[in-house]
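Heads up: the structure comes next, in structure tokens.
The values are calculated or read from the model by the stated rules, or taken from the named source; none is laboratory data. Only a predicted model underlies this, so the values are computations on that prediction, with no experimental measurement involved. Cβ atoms come from the backbone with ideal geometry, glycine included; neighbour counts cover every protein chain shown. The protein model used for the area step is the full one, side chains on, heavy atoms only, and it has no ligands, DNA or RNA in it. Shrake-Rupley method; radii C 1.70, N 1.55, O 1.52, S 1.80 Å.
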Amino acid sequence: MTATHHRPLHDGWSLWAVPGPQVPPAVAGVRIPATVPGCVHTDLLAAGLIPDPHLDDNELAMAWIGRTDWVYTTSFGWDGTDASRVDLVCAGLDTVATVTLNGRLVGRTANMHRGYRYDVRDLLRVGDNVLRVRFESAYRYAERLRDQLGDRPSTYPQPFNFIRKMACHFGWDWGPTLVTAGIWQEIGLHAWSVARLAEVRPLVTVVDGVGRAEVHLDVERAVDEPLRVTATVAGVRAEAVIEAGQRTAVLTVVVPEPRLWWPRGHGDQARYPLTVTLATTADGPAGPAGTVVDGWERPVGFRSVRLDTAPDEHGTAYTLHVNEKPIFVRGVNWIPDDTFVTRITRRRLAERFAQACDANVNLLRIWGGGRYESADFYELADELGLLVQQDFLFACAAYPEEEPFRSEVEAEAAEQVVRLARHPSLVLWNGNNENIWGFEGWGWREQLGDRTWGAGYYFDLLPAIVARLDPTRPYWPGSPWSGRHDLDPNDPAHGNTHIWDVWNTDDYLRYRDYRPRFVAEFGFQGPAAYPTLRRALTDDPLTPDSPGITHHQKAADGGGKLLRGLAPHLPTPRDFDDWHYLTQLNQARAISVGVEHFRSQRPVCMGTIVWQLNDCWPVTSWSAVDFDGRRKPLWYALRRSYADRLITIAPADDGLALVAVNDTDAEWTPRVEVARLTLAGEPRASTVLTVTVPPGSVRTVGLPADLTVPDDPRRELIVAEPAETGTRCCWFFAEDRDVAYPPADFDATVEPTAGGALVRVTARSVLRDLVLYPDRLDPTAVVDEAMVTLLPGQTATFTVRAAGPLPSEPLTRRPVLRCVNDVGTD
């Protein structure tokens, strides 16, 4: 007898559209090869039946797919395996599915975010078997539920809040409306006998240097007999007998002085294999006593985590502690990295995670309109020491709490908490994105009347599930949330806050008016890299308002906000190349101002999570890395502003100050040369400051008046240069549009290398925010630095990597080599 056997059912699938007037003739009646896991859109694309939905405005012609029912079918052989149970295991069905086997009903589903297991032993037959999954239109299901329960407000005119499906499939202010269907995760048969480990939930903590792995087990039985279960970690073993009639056990493994798992930048990411086995205690059909009938092994990490939300003289704290060390969060928000999530490979995630780490990020917030992220995502975060905040999946809308919705939410949340509990990188469960804020501040209360909107989830159901299944981690009801019902949920002085008046209505210098406790969202837009736009759009020519650029700008009045954001700071763009460079630069500067100001407020402010790291398609958005994986200037700005040790200049009550931020665990004593110079590099005043900054601290030193009061604000700047290795910072007394820049004048040379080129630029005039765009010549090209300001006589060397040789002359002129003071010149 086979104790347990897993058989994937991923081969031989086809799909077809259920007939309807919306189905195009080219698709009607056609059996299409289907990839499983996958979705209808990617299969139609692979079959050549639709154009790429991400290109031009093709998205608009895809609306019929989400309003069509789809049928998947496959056949497989079965040999009558002698097993007590054979289960059909569906890890993820998107979303409203009816599953049949050999023409008989197996089950129905209505939730993309949970798995399903069905006993099909009696439905199987020796020989060929036919498995069929029919997906009802997600639109039709959601609209039907909306009509039954009553409409509720949301930020988008789509019914995403009436179906447990990725909300952003219905469109967002950075994403397309592409409503998918399909078998999006693994599906297969699980044959087993005697018993199986239905649930393994390790709660791993460390207190006073002693590690504790409390392993909660739930066993499903086919035979009611005693079973022996063991758990082993770090060479320490615990065991117990689950008596007949029982199905649960808790094993506690105590590990003295384990190596701890730390966030990146604070220590190693030590992990230990946790092995669990389930075995018989007596001779029987499975074999002699001690026969292992099921097993489970995963890595775990010992660490503690808590969220300090104590009231203080500044309001209400929001400070994450890992292993009792306060961590300043240098975070980014994460959205699904592709509209079609089954195309997101481990390699793609690894590339994105490497970009996050290289930008000195230490936390990823998984935003609530996407998905509970994959095993690959969490394994990579564990390995790299990237902290993770996982939102429960509610975003920007009022959600019904009636049945059948509530039961789906409860089952989904419990499953995901159990699935993710073992990961040391997961440090916070968050109830929702902006829904409490919407209810209190966006007029929802008045629109809803006595209808439910989600409060029962965020304040009752979800915290109860976390307290029961994962008490080792903090839960917070929402982002934003002030921690008290008598306060504005987005009060910056209490809990976490979102700052969107900047971007929507205010200049980015407004960031400096805030003294928040924790900024969980703030962002500023910039277009994708040029080759990403050029691949995705056929506009000829590209202009700031050409059809494709306009379609790939989903934010309300996004193009207007980009230009209004430029106006107080930078010259007016005269063509697309100017617009592209200046809007990307303005995005980078805006976020740098915010990040550096918030970091300077430590310990009152203990974290920032920039919106956003990544994109799900080629688009003008708030991302630092575009859909094709290309780094915008914002990425380079984040790397600088999120550095472990930061030197910056900031306004102070009586002028200007030098701010030194030390997020390391060692004292830092930088020696900084500060000078007021003319644009020609001529000194007007200077000083040398030596600042002692304790671990995890900030020191602010006022600058003397001879440095901070210019003779001519249009022709002078301050330069602060650390004597040790580090990035210098500049402070201009006037905005670029008002600075008396000379025309850009420089010498540039190109030295070809085996993997690209070295581009050396020597300034003969000031060059403000020099950016090299080698990907305009070769889409594979990347450069190591951006936004470099040079004074006359100074040299910068850019290292370019590319798949092939690069032409030298175009590398040293517009539109490839840009600076602020070449705008408006030939």
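Go through 687, 700, 664 for me and flag whichever is in contact (Cβ under 8 Å) with a residue 12 or more places away in the chain, surrounded by fewer than 20 Cβ atoms within 10 Å (Cβ to Cβ), part of a loop (DSSP other than H, G, I, E, B) and polar (S, T, N, Q).
Residue meeting the stated conditions: 664.
Let me confirm something: among 533, 582, which residue is touching a residue at least 60 places away in the same chain (Cβ under 8 Å), open to solvent by less than 10 Å² (accessible area, probe 1.4 Å), more than 25 Å from the chain's Cα centre (by Cα) and over 30 Å from residue 314 (Cα atoms)?
On inspection, the qualifying residue turns out to be 582.
List the residue pairs whose Cβ atoms are under 7 Å apart, where the first residue sits in the stretch 540-557 and is in contact (Cβ under 8 Å) with a residue 60 or more places away in the chain, the second is polar (S, T, N, Q) and open to solvent by 80 Å² or more (accessible area, probe 1.4 Å), and the two are 6 or more positions apart or on different chains.
Partner pairs satisfying both residue conditions: 548/538.
What tally of residues in the stretch 477-491 results from selecting those that are over 12 Å from residue 521 (Cβ atoms) and either open to solvent by 30 Å² or more (accessible area, probe 1.4 Å) or among the hydroxyl-bearing types (Ser, Thr, Tyr) (or both)?
8
Starting from the stretch 2-29, keep only residues that are at pLDDT 95 or above, then list their pairs with residues that are among the basic types (Lys, Arg) and open to solvent by 70 Å² or more (accessible area, probe 1.4 Å) whose Cβ atoms are within a distance under 6 Å, requiring at least 6 positions of separation or different chains.
14/31; 16/31; 22/67
Sort out which residues of the stretch 383-407 are open to solvent by 10 Å² or more (accessible area, probe 1.4 Å) and over 29 Å from residue 351 (Cβ atoms), and write them in order of number.
Matches in the stretch 383-407: 401, 402, 403, 404, 406, 407.
Are there any pairs with C-beta distances below 8 angstrom linking a residue in the stretch 254-265 that is closer than 12 Å to residue 382 by Cβ to a residue that is open to solvent by 60 Å² or more (accessible area, probe 1.4 Å), with the two at least 6 apart or on different chains, and if so which?
261/268; 261/271; 262/268; 264/384
Given (1) over 16 Å from residue 758 (Cβ atoms); (2) not in a helix (DSSP H, G or I), identify the lone condition not met by residue 821.
Answer for residue 821: the failing condition is (2).
Does the stretch 48-61 contain any residue that is surrounded by 20 or more Cβ atoms within 10 Å (Cβ to Cβ), out of contact with any strand residue (DSSP E or B) (no Cβ under 9 Å at 6 or more places or on another chain) and among the hydrophobic types (A, V, I, L, M, F, W, C)?
Yes, some residue in the stretch 48-61 is surrounded by 20 or more Cβ atoms within 10 Å (Cβ to Cβ), out of contact with any strand residue (DSSP E or B) (no Cβ under 9 Å at 6 or more places or on another chain) and among the hydrophobic types (A, V, I, L, M, F, W, C).
In this structure, is residue 564 in a helix (DSSP H, G or I), farther than 22 Å from residue 615 by Cα and open to solvent by 30 Å² or more (accessible area, probe 1.4 Å)?
yes
Could you say which residue among 748, 757, 740, 763 is touching a residue at least 60 places away in the same chain (Cβ under 8 Å) and surrounded by 16 or more Cβ atoms within 10 Å (Cβ to Cβ)?
Just a single option satisfies the conditions, and that option is 748.
Could you tell me which residue of the stretch 261-305 is farthest from residue 474 (Cα to Cα), considering only residues that are open to solvent by 40 Å² or more (accessible area, probe 1.4 Å) and charged (D, E, K, R)?
Filtering the stretch 261-305 for residues that are open to solvent by 40 Å² or more (accessible area, probe 1.4 Å) and charged (D, E, K, R), the one farthest from residue 474 (Cα to Cα) comes out as 283.
The conditions are (1) farther than 16 Å from residue 426 by Cα; (2) under 12 Å from the mean Cα position of the chain (by Cα); (3) surrounded by fewer than 24 Cβ atoms within 10 Å (Cβ to Cβ), and residue 356 fails exactly one of them. Which is it?
(3) is the only condition that residue 356 fails.
Could you check the stretch 141-184 and list, in sequence order, the residues that are over 20 Å from the mean Cα position of the chain (by Cα) and over 23 Å from residue 454 (Cβ atoms)?
Selection gives 180, 181, 182, 183.
Among the listed residues 466, 427, identify the single one that is open to solvent by less than 10 Å² (accessible area, probe 1.4 Å) and touching a residue at least 60 places away in the same chain (Cβ under 8 Å).
Testing whether each residue is open to solvent by less than 10 Å² (accessible area, probe 1.4 Å) and touching a residue at least 60 places away in the same chain (Cβ under 8 Å) leaves just 427.
Determine, yes or no, whether residue 200 is farther than 26 Å from residue 133 by Cβ, assigned to a strand (DSSP E or B) and aliphatic (A, V, I, L, M).
The answer is yes for residue 200.
Looking only at the stretch 434-463, count every residue that is aliphatic (A, V, I, L, M) and surrounded by fewer than 23 Cβ atoms within 10 Å (Cβ to Cβ) and tell me the total.
3
Here are some residues: 376, 338. Which one is surrounded by fewer than 23 Cβ atoms within 10 Å (Cβ to Cβ), farther than 28 Å from residue 599 by Cα, free of Cβ contacts under 8 Å to residues at least 40 places away in the same chain and among the charged types (D, E, K, R)?
376
Could you pull out the residue among 720, 781 that is open to solvent by less than 20 Å² (accessible area, probe 1.4 Å), more than 28 Å from residue 529 (Cβ to Cβ) and modelled with pLDDT of 95 or more?
Checking each option against the conditions leaves just 720.
Can you tell me which residue is most open to solvent (accessible area, probe 1.4 Å) among those in the stretch 139-173 that are in a helix (DSSP H, G or I) and among the hydrophobic types (A, V, I, L, M, F, W, C)?
Filtering first and then ranking leaves 149.
Conditions first: (1) open to solvent by 20 Å² or more (accessible area, probe 1.4 Å); (2) in contact (Cβ under 8 Å) with a residue 60 or more places away in the chain; (3) in a strand (DSSP E or B). Residue 771 passes all but one, so which condition is the exception?
(1)
Can you pull out the residues in the stretch 207-259 that are touching a His at 6+ places or on another chain (Cβ under 9 Å) and surrounded by 18 or more Cβ atoms within 10 Å (Cβ to Cβ)?
Those that are touching a His at 6+ places or on another chain (Cβ under 9 Å) and surrounded by 18 or more Cβ atoms within 10 Å (Cβ to Cβ): 249, 251.
Confirm whether residue 81 is closer than 26 Å to residue 171 by Cα, out of contact with any helix residue (DSSP H, G or I) (no Cβ under 9 Å at 6 or more places or on another chain) and open to solvent by 10 Å² or more (accessible area, probe 1.4 Å).
no
Yes/no per residue for (1) over 26 Å from residue 619 (Cβ atoms); (2) in contact with a Cys (Cβ under 8 Å, 6 or more places away or on another chain):
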| residue | (1), (2) |
| --- | --- |
| 18 | yes, no |
| 25 | yes, no |
| 28 | yes, no |
| 38 | no, no |
| 59 | no, no |
| 94 | no, yes |
| 98 | yes, no |
| 101 | yes, no |
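Being of a type in the set (Val, Ile, Thr), out of contact with any Lys or Arg (no Cβ under 8 Å at 6 or more places or on another chain) and either assigned to a strand (DSSP E or B) or surrounded by fewer than 17 Cβ atoms within 10 Å (Cβ to Cβ) (or both) is true for just one of 86, 130. Which residue is that?
130
Scan the stretch 626-641 and give yes if some residue there is farther than 16 Å from residue 721 by Cα, in contact (Cβ under 8 Å) with a residue 40 or more places away in the chain, in a strand (DSSP E or B) and open to solvent by 20 Å² or more (accessible area, probe 1.4 Å), otherwise no.
So far as the stretch 626-641 goes, yes, one or more of its residues are farther than 16 Å from residue 721 by Cα, in contact (Cβ under 8 Å) with a residue 40 or more places away in the chain, in a strand (DSSP E or B) and open to solvent by 20 Å² or more (accessible area, probe 1.4 Å).
Assess whether residue 602 counts as being part of a loop (DSSP other than H, G, I, E, B) and open to solvent by 10 Å² or more (accessible area, probe 1.4 Å).
Taking the combined requirement at face value, the residue satisfies it.
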